[in-house]
Every structure is written in structure tokens, then in C-alpha cells.
Amino acid sequence: MRLVPRSMLLALTGDRSARDDGPQSPWPLDEDYWLGHCEGFYVDGPAGRLGVVERLVYRSRADRPDIVAVAAGMWRARIAEVRVADVAEVWPAQGRLVVRTGLGPPIRASVWSRWQDGLRGSA
């Protein structure tokens, strides 16, 4: 069973009267809030779907993340980092982040390759 991220639940159950008046901006009024609560959001790039936000990394500030860790690949075993500066849009109601660039190199190998490396080391 997959749970809906709290940020998406808040966006979907909020007061719709203000949102129905016109086109909604891709950035909500408090972008730091949504960047800090986007775990579980889909990540789209210039070439299409890249993955899902797995976690956020805070380094320079406590109220705004510096890096978004994106789980990519068929089984989401590859983790890549995207700088928050590369985030173009946040769509909380859709649970989606749009980035300007593709994913960088992975920071963690898949479970399968780590298991194979363990077999090679013991042989």
C-alpha cells in the first residue's frame, strides 16, 4: 500500500474556492514550504519523467533544502541529486516537480550491483 505524501494531501483537500477563479501559478505562495515537503513527488525533466523525490538534503539553510535526491530507474534503485536551483516548477496539487536539467551521476548503486560486488569480493 502506498501512502499519499502529506503535502499532496494538503494540496488536494485545501480550500478550492480561491484556486477555481483562474489559472494556478506553478509556484505556490510559499515555495520554501513546498520544496521542503515534496517527498514522493514525481520529477519531470526536459526529456520526460525522471523519477520520484526520495529525500531532501539540507546543508546551508534549515528552512529550504539544497538538494533533492531523486530515485530513478525501473525499480528506483538509482539515486541522483538535483540542486534546488535547477527546479523550474513545483506543482503541489499534481505532486510533481519540474527540473531544468537531467539527472546527474548516481550516488548509490542498485541493490543488485552491490550484491554482485559482494559475490566478487568473496570469490
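Summing Lys, Arg as +1 and Asp, Glu as -1, what charge do residues with Cβ under 13 Å from the Cβ of L56 carry, L56 excluded?
Once positives and negatives cancel, what remains is -1.
By the scheme Lys and Arg +1, Asp and Glu -1, what is the net charge of all other residues having a beta-carbon under 11 Å from that of E89?
0
What is the extension gain from A85 to E39, computed as 0.36 nm multiplied by their sequence separation minus the C-alpha to C-alpha distance, in nm to one decimal?
Extending this stretch completely gives an extra 14.9 nm.
Could you calculate the FRET efficiency of D66 with D30 from 1/(1 + (r/R0)^6), where r is the beta carbon distance between them and R0 is 22 Å, rounded to 0.05?
Efficiency for this residue pair is about 0.80.
Could you give the length gained by full extension between A77 and R59, i.e. 0.36 nm per residue of separation minus their alpha carbon distance, to one decimal place?
Separation in residues times 0.36 nm, less the Cα-Cα distance, equals 4.1 nm.
A short reminder: the numbers here are calculations on the coordinates, not readings from a lab. Small disclaimer: the values here were computed from a predicted structure and weren't measured. Ideal geometry is used to build each Cβ from the backbone, glycine not excepted, and the neighbour counts take in all protein chains shown.
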